[in-house]
1. Set the Förster radius R0 to 60 Å, insert the Cβ-Cβ distance between residue 250 and residue 131 as r into 1/(1 + (r/R0)^6), and round the FRET efficiency to 0.05.
2. What nm distance separates the two modelled labels at residue 33 and residue 538, each placed 7 Å from Cα along Cα→Cβ?
3. When the Kirkwood radius is taken over all Cα pairs of region 96-241, what Stokes-Einstein diffusion coefficient follows at 10 °C and 1.306 mPa s, in µm²/s?
4. Report the residues of region 257-296 in range of a label on residue 204: point 7 Å along Cα→C-beta, backbone N strictly under 13 Å from it.
5. I'd like the orientation of helix 590-600 relative to the chain: the angle between its Cα long axis and the longest Cα principal axis, in ° from 0 to 90, rounded to 10.
6. Can you give the extra length, in nm with one decimal, that the chain gains between residue 237 and residue 397 once fully stretched, where that is 0.36 nm per residue apart less the Cα-Cα distance?
7. Which FRET efficiency value, to the nearest 0.05, is calculated for residue 179 and residue 570 with the Förster distance at 51 angstrom and r the Cβ-Cβ distance?
8. Expected output is a single nm value to one decimal: the length gained when fully extending between residue 359 and residue 225, i.e. 0.36 nm times separation in residues minus the C-alpha distance. What is it?
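Taken together, the values in this text are just the output of simple stated rules run on the coordinates, not laboratory data. The model shown is predicted, which means the values in this text are computed figures rather than measured ones. Cβ: placed from backbone, ideal geometry, glycine included. Neighbour counts: every protein chain shown.
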């Protein structure tokens, strides 16, 4: 009697029930249909193709991009008593022969291969004799030039449908926008298959972003309560990776550098340390991360701007895979923006491709400068709608927005009158009335904008320009060595046709900008009842979602902490809580009193 999917789930893998979405995919693949599946990291995608493989009498080929990832999957399967094999260059000749023999004899139904090994003529001919039922392409975004992490070796996987017309093809990824999904489906099965998108939201991740001011102070502020936790700090360059790791070690953290310039054995050793030791921080370039299955990564911090929204989503997705709360922080600066533009220009001769990548970077910059819920902004990029999340910096500690039109027009005037030929440093010198050689030679001291911005410090104008670039009022022209140039929106602001909304700039204590809100720390310091505070936060989020507003619209964190400390028992006492005005008292006072009374009444 053949087993059912539910029996295999319980008897082999030890789970009583499928997670949301898994059973549908298992049934689909078991029926022999092609499918592209997008599931958030940590949602259990491996079971979605491993169980159909065990339900079938035929072979399943899993195409995986990394040797370490294959080895981890095989080890996990074998630990559950599942016969599985892989063939790759990291194995000895004898091991490869033994593994292949077990596959050829039908002793195992799961074979893991890299795309490079699979798409050799010899391997394809050998597999054809085994009549496989299913090909699974993991990390399928690698096949698309539109997706993050494109690998040309994946391109040849498009031949599989022609060579194995009787086999189904399933591809899995956690990171693919609509254009990338269409591209993958067209390449792998000519669009003839199901496309299943099970959402991109990772509600346990707290999202935060801040303009880079003093990265060392900002990083220490973020890590202040995380000394006993494991996490990843991403850097753009190998040199910066080493510098950041050295800094953290000097501050008492257990930090390990990781980048592609290191010896392979050293990288493997460092990765093993991260996977096995407690409270390790991996300071890495993007060479680290794909396939890392460490469930208790509690934070991801970017010290530089990622390449795109997809890359950012993929990288933060490595945190909190166990479903427990995790924090993220993205620091970004004007230099990062310019460098990312330069990388795009150098990456390809294809103008259409470069245009797409510039637009993707624009989306990430807009996310960085978002003044409303970050999760809403992030998920909307992937065509997914949601209410304000109550778990990002903008929901929990909303920015103060002010009218920056006057200074924006002053900035635009300086850029226009200098010919849109100069970078931020020279423009700021003009605004602040500096007497540099460049200003004197070009007679820029005669311009109306010269010295007109002298009332603000250099750091203020740097932050202002970052917001203007992120908000598409200005653009950075890489071909002209980073010259600031005015966009269509910028011309409308300069002409008085549009306002310029500015996130208020505070240059006094830049490290404060970086911290995701530390409500737990503050609550402990004030002696708040933790269980009551959790109940009040849950109530606040429910009320906010019902009204489709950010959580802070109901009450700020400080008000909830005060309630959990003082435990008011009447509307009069509730009214004395800082942050509880008459309208909020009228609308929400009694329901919060009831929640407090349920615990202390």
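1. Here the calculated transfer efficiency is 0.50.
2. Roughly 3.7 nm, to one decimal.
3. On the way: Rh = 18.9 Å.
Estimated via Stokes-Einstein, D reaches 84 µm²/s.
4. Label zone hits: 294-296.
5. 60
6. Working: separation 160, 0.36 × 160 = 57.60 nm, distance 3.15 nm.
Taking 0.36 nm per residue and subtracting the Cα distance, the gain is 54.5 nm.
7. Numbers: r = 57 Å, r/R0 = 1.12.
Step by step, r from the Cβ atoms, then E = 0.35.
8. Details: separation 134, 0.36 × 134 = 48.24 nm, distance 3.62 nm.
Gain on stretching residue 359 to residue 225: 44.6 nm.
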